[in-house]
Structure formats: C-alpha cells, structure tokens
Amino acid sequence: MQILLETDVLRTFLSIAETGSFSSAALSVGRTPSAVSMQMKKLEQQLQRDLFIRQGRGVVLSPDGEEMVSYARRILHINEEAVAHFTQPHLEGAVRIGTPDDFATRFLPVALGKFARAYPKVQVEVVCDLSVNLIPQVERGTMDMTLVSQTNTLTHVTRGIPIWRESLVWAVHEDGQAATRRPLPLALSPRKCAWRASALRVLDETDIEYHIAYTSTHYAGQQAAIVADLALAPMPQSLVESPLRIVEDGEGLPALEDYEVRLLRAPGKKDSVLDTLAAHIVDSFSEHAVALN
C-alpha cells in the first residue's frame, strides 16, 4: 500500500528540526505539544524509522531524521510551487529592495525563497546598506521598497508599515573581558546608525567612558570584533548566539532601548508584484516572531 506523507506533518517535523523542541515547534505551527507528538509518532511509523533522539528536555535528529530533512523540504517546496502556479496571479517584472545588512541574512532569505518559488519570472535585486542611505532612494523612486531600522533615539521615518520590534542588548564574547575594560571598547556601525546612536546616548547619560575600537558597516565585521574580544556591541537580542552572550543586568552597563523595523515603499507605486513581495516579507517577520516565542 502506497504511503502518502502529509504536508502539515512535514512542516511540523521541520519546525522540530529547527528548534530542537516539540513544545517550541507546537507554538510555531499552532498545535498542542500532544498533537505534535502524535504527528511525529505517525510519521515514524509510516517511515519505520526513529527520526529523533531525546536529550534532556529537547531532541536532536537521528541520522535518519537528518536525511529526512532534505526530503521534507523538497516535498514542501514542490507543493508550494504547484499551489502557487494554479492559484496565484501570474506575475512578471523586476523589484529592487533595500535592507540593512543583518536583515539580509536573518529575515529576507525565507521571504525571498518562497517568493522566488511562487513567482520565478519576477527578478528581485537586493541592496544592502544603512537605513539612512536607503531611504532617499525609495523616496526618489529609484528603489521600490526598503526595510528601515530605527529607535526612539534615531527615528528615520514615520510612514511605512511597522513589522518588527525587539530589544537591543549589549553583546560580548562569552569568555571575554571587553565589558570590564575602561574606556569601554565598542564595535559599531558608521554614523547615523540607530543602534550606534542608542548605545552612545545611554553611555553619555551614565558618564561611562568609552572609545570606538572597531567600525564596520556590516554586522559580520562587528561580530568578528566581539569574537576576538576586541570590543562589545549593541545588538538585537535574537542575534546573540554562542560564542557571544548578553551582558546581564548588574554588570555595570546601562540598558538599551528597543528598535523597530519598518517596511517603506516608494511613494505612489502601486503594483501587484510589490504588494505580493511585501506580504511575503511581513509574513516572514511574523513567523520569526512566533518561532522566538
């Protein structure tokens, strides 16, 4: 008898593979932990293989589970393509979108991947730069839309769609000493960066002596300085992963504010391609928020 794998079950399986937890995956897919457990039990029975190895409160993939990830992704991708081909409007054209560097690696790959599979005839050009440099291009219409990062300390725009909000934190190497040095060594983006403005404001307000030890337009450059224990940096909480850690309350540094992401479109541009891509980007941020919670 032919075995048919259900796409909902495969989505749940991939969520568990990404989060390492049945409970976290349950929140991500909108099911109860018991329902997720039953789904995985059914999948393992269908395949006659153990897909997970339990480790404490979490799970890791078994060798068969790791192999199944590739199959699950391919099945879901072809399913998305088939559904989009017959149900979505036919779209062609080109879109130019701007984004600060860190969003290009965290949020956009998911959104652009889904968009490209659904609308392969649309050409998407991505430009990475500081928000302050991208906004004028959108206002002039030479760029179709951009993601903008800002804080209360440095607000770039008031129009556009707010799609993300998160706390900024101090990030330091987990075994490093940068946070204890004075003057405090900082790794920052160039001037007119919202994260930089927020960090310098709170340090000035608390009279903590500092110096800018490392400057990089790209997040990866700042991260490299932290890993080398040359400096610490203001960073979104969700970006801080080993070998980095968050400087905790009580370590002598002032708290940072939240930052906001807005999706800004060129004035007067009404286009079904832009509408559809914007919806994919908003959904990508929403899915990331669910995964974090």
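The table below gives the values:
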{"quantity": "Any hit, segment 124-135, residues being in the same structural domain as Thr276 (by TED's automatic domain parsing), over 21 Å from Leu188 (Cβ atoms), at pLDDT below 90 and assigned to a loop (DSSP other than H, G, I, E, B)", "calculated": "no"}
{"quantity": "Subset of segment 12-41 [surrounded by fewer than 16 Cβ atoms within 10 Å (Cβ to Cβ) and closer than 14 Å to Met68 by Cα]", "calculated": "Glu18"}
{"quantity": "Given (1) within 20 Å of the chain's Cα centre (by Cα); (2) surrounded by 15 or more Cβ atoms within 10 Å (Cβ to Cβ); (3) in a helix (DSSP H, G or I), index of the condition Val138 fails", "calculated": "(1)"}
{"quantity": "Matching residues in segment 42-95 - criterion: being more than 24 Å from the chain's Cα centre (by Cα), charged (D, E, K, R) and surrounded by 11 or more Cβ atoms within 10 Å (Cβ to Cβ)", "calculated": "Lys42, Glu44, Arg49, Asp50, Asp64, Glu67"}
{"quantity": "Selection count where residues are part of a helix (DSSP H, G or I) and either modelled with pLDDT of 90 or more or in contact with a Pro (Cβ under 7 Å, 6 or more places away or on another chain) (or both), scope segment 224-252", "calculated": "5"}
{"quantity": "Single match in Leu5, Leu43, Leu76 (criterion: aliphatic (A, V, I, L, M), closer than 30 Å to Pro120 by Cα and either in a strand (DSSP E or B) or at pLDDT 90 or above (or both))", "calculated": "Leu5"}
{"quantity": "Near pairs, Cβ below 8 angstrom, 6+ apart or cross-chain, from segment 257-283 (assigned by TED's automatic domain parsing to the domain that holds Thr142) to any residue that is in a loop (DSSP other than H, G, I, E, B) and of a type in the set (Phe, Trp, Tyr)", "calculated": "Val273/Tyr119; Thr276/Tyr119; Ile281/Phe107"}
{"quantity": "Filter result (at pLDDT 85 or above and in contact with a helix residue (DSSP H, G or I) (Cβ under 8 Å, 6 or more places away or on another chain)) within segment 95-114", "calculated": "Val95, Ile97, Gly98, Thr99, Pro100, Leu112"}
{"quantity": "From Arg31, Arg49, residue being free of Cβ contacts under 8 Å to residues at least 40 places away in the same chain, within 21 Å of Asp283 (Cβ to Cβ) and part of a loop (DSSP other than H, G, I, E, B)", "calculated": "Arg31"}
{"quantity": "Test for Ser198: is it closer than 30 Å to Leu14 by Cβ, surrounded by 14 or more Cβ atoms within 10 Å (Cβ to Cβ), in contact (Cβ under 8 Å) with a residue 12 or more places away in the chain and among the hydroxyl-bearing types (Ser, Thr, Tyr)", "calculated": "no"}
{"quantity": "Hits in segment 5-15 (condition: closer than 20 Å to Ser286 by Cβ and within 22 Å of the chain's Cα centre (by Cα))", "calculated": "Arg11, Thr12, Leu14, Ser15"}
{"quantity": "Tabulated pairs, segment 215-228, first without any contact (Cβ under 8 Å) to a residue 40 or more places away in the chain and not assigned by TED's automatic domain parsing to the domain that holds Ser149, second of a type outside the set (Phe, Trp, Tyr) and assigned to a helix (DSSP H, G or I), C-beta under 6 angstrom, 6+ apart or interchain", "calculated": "Ser216/Gln222"}
{"quantity": "For Ala94: the one exception among (1) farther than 23 Å from Val282 by Cβ; (2) not in a helix (DSSP H, G or I)", "calculated": "(1)"}
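Here is a yes/no grid of residues against (1) out of contact with any Gly (no Cβ under 6 Å at 6 or more places or on another chain); (2) more than 14 Å from Leu232 (Cβ to Cβ); (3) not in a helix (DSSP H, G or I):
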position: Thr146; (1), (2), (3): no, yes, yes
position: Val157; (1), (2), (3): yes, yes, yes
position: Pro162; (1), (2), (3): yes, yes, yes
position: Ala171; (1), (2), (3): yes, no, yes
position: Arg191; (1), (2), (3): yes, yes, yes
position: Arg201; (1), (2), (3): yes, yes, no
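The values are calculated or read from the model by the stated rules, or taken from the named source; none is laboratory data. Keep in mind that this is a model prediction, so the values were computed, not measured. Heads up, the Cβs are rebuilt from the backbone with ideal geometry, glycines too, and the neighbour counts pull from every protein chain shown.
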